[in-house]
Amino acid sequence: MKLAVPDMISNSYFPAIAAIELGCFKREGLDVELELIFPVDKSYAALRDGTVDFVGGSAHSALAAFPRWQGAKLLCAQGQGMYWFLVMHKDFGAKRGDLSVVKGRSIGAAPWVEMGLRRLLIEAGIDLARDEVKIAPVPGAQGAGVNFGVTAAKALEERKIDGFWANGMGTEVAVQRGVGTVVLDVRRGDGPKPCFNYTMASIAASDGLIERSPETAAAAVRAMVKTHAALKQHVALATEIGRKLFPPSEAELIAELIRRDLPYYDASISREFVTGMNQFSRDIGILKGDVPYEGVVASQFSPLWTGA
């Protein structure tokens, strides 16, 4: 079986990666291999086309390949809350939470990821046209196997962009290199309140797999719950995985990033979250009308989320 993620050298989808590397899928009877497919809409297209079995990506992005959630469901969360950071070049002297710094600036963001930033800025009173905010892909980030956040940090350092909206790894690299300042960390309370529920890192499967083999879907959920538990108990496991899969410098950063993320490691998907994500999806024009909770989430597996 194959699990697609749109980014690898990152903390964003690390639980999915760790579930493979720690043998959690295998112990649940699933032989799962990782496939990097960037950007995230292509990961979901692969799920739709049957070339992968699971996607570990941003939840709202399923709508790229499954309009109105027809044909796919979320099985569980990899982590709670929208997990991207707004980082601006240090020369701008940006203060935490002060979004006026984006006016007249160019900000790099991946396809479908950028939707979260666009809506957040609008909710915060920024008019993207009037305030001349340019949000576009990061130069050089389209290559296969390229990590988006680390590439964004490099582009910021080279002044190809004024800021970026990306994962915690890219953020940490930019901060440690002394070129970036964190303006927003949504997971930890920055930005307008609704933006926490715009999206989350989730695990999705097709309706076909769920109907054909519910035991496979259940096994995937159990594997994620056990991965969360393993990382909470021994966060140093993240370093071991990083040393196997990441470049040396990022491998030494990953355990600290995962330690910060542990409070958000909860496999559950709440009705409040789905309501918030649906509203966000309507606001940005990728969803028309409403879809009930059970149309988005494979709620029959919810008893497995607690690991009880």
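The values are calculated or read from the model by the stated rules, or taken from the named source; none is laboratory data. These numbers come from a predicted model, not from an experiment. Note that we place each Cβ from the backbone using ideal geometry, even for glycine, and neighbour counts take in every protein chain shown. For the accessible areas, the whole protein counts, side chains as well, though only heavy atoms, and no ligand, DNA or RNA atoms are used. Shrake-Rupley method; radii C 1.70, N 1.55, O 1.52, S 1.80 Å.
Name the residues in the range 83-104 that are buried (at least 20 other Cβ atoms within 10 Å of the Cβ), out of contact with any Lys or Arg (no Cβ under 7 Å at 6 or more places or on another chain) and within 21 Å of Asp261 (Cβ to Cβ), would you?
Trp84, Phe85, Leu86, Val87, listed by residue number.
Tell me which residues, restricted to the range 112-125, are of a type outside the set (D, E, K, R) and crowded, with 18+ Cβ neighbours inside 10 Å.
Residues satisfying the conditions are Trp112, Val113, Met115, Gly116, Leu117, Leu120, Leu121.
Scan the range 1-27 and report the pairs whose first residue is of a type in the set (Gly, Ala, Ser) and whose second residue is open to solvent by 10 Å² or more (accessible area, probe 1.4 Å) and in a strand (DSSP E or B), with Cβ atoms within less than 7 Å and a gap of 6+ or a chain change.
Short answer, once both residue conditions are applied: Ala4/Glu35.
Residue check: is Ala77 in contact (Cβ under 8 Å) with a residue 40 or more places away in the chain, closer than 21 Å to Leu184 by Cα, crowded, with 20+ Cβ neighbours inside 10 Å and within 16 Å of the chain's Cα centre (by Cα)?
It is false that Ala77 is in contact (Cβ under 8 Å) with a residue 40 or more places away in the chain, closer than 21 Å to Leu184 by Cα, crowded, with 20+ Cβ neighbours inside 10 Å and within 16 Å of the chain's Cα centre (by Cα).
Under 6 Å between Cβ atoms, which residue pairs at least 6 apart in sequence (or on different chains) link something in the range 285-304 that is under 17 Å from Gln70 (Cα atoms) with a partner that is open to solvent by 40 Å² or more (accessible area, probe 1.4 Å)?
Matching pairs, first to second residue: Val291/Arg68; Tyr293/Arg271.
Based on this model, can you work out whether Ala223 counts as in a helix (DSSP H, G or I) and either under 22 Å from Lys26 (Cβ atoms) or of a type in the set (A, V, I, L, M, F, W, C) (or both)?
When the stated conditions are applied, Ala223 passes them.
Can you tell me which residues in the range 258-280 are closer than 17 Å to Ser12 by Cα, in contact (Cβ under 8 Å) with a residue 24 or more places away in the chain, open to solvent by 10 Å² or more (accessible area, probe 1.4 Å) and assigned to a helix (DSSP H, G or I)?
Arg259, Arg260, Leu262, Tyr264
Within the range 163-176, identify whether any single residue is at pLDDT 95 or above, in contact with a Lys or Arg (Cβ under 9 Å, 6 or more places away or on another chain), crowded, with 20+ Cβ neighbours inside 10 Å and over 18 Å from Arg260 (Cα atoms), and answer yes or no.
Yes, the range 163-176 has at least one match.
On the basis of being aliphatic (A, V, I, L, M) and under 18 Å from Val221 (Cα atoms), does Ala251 make the cut?
No.
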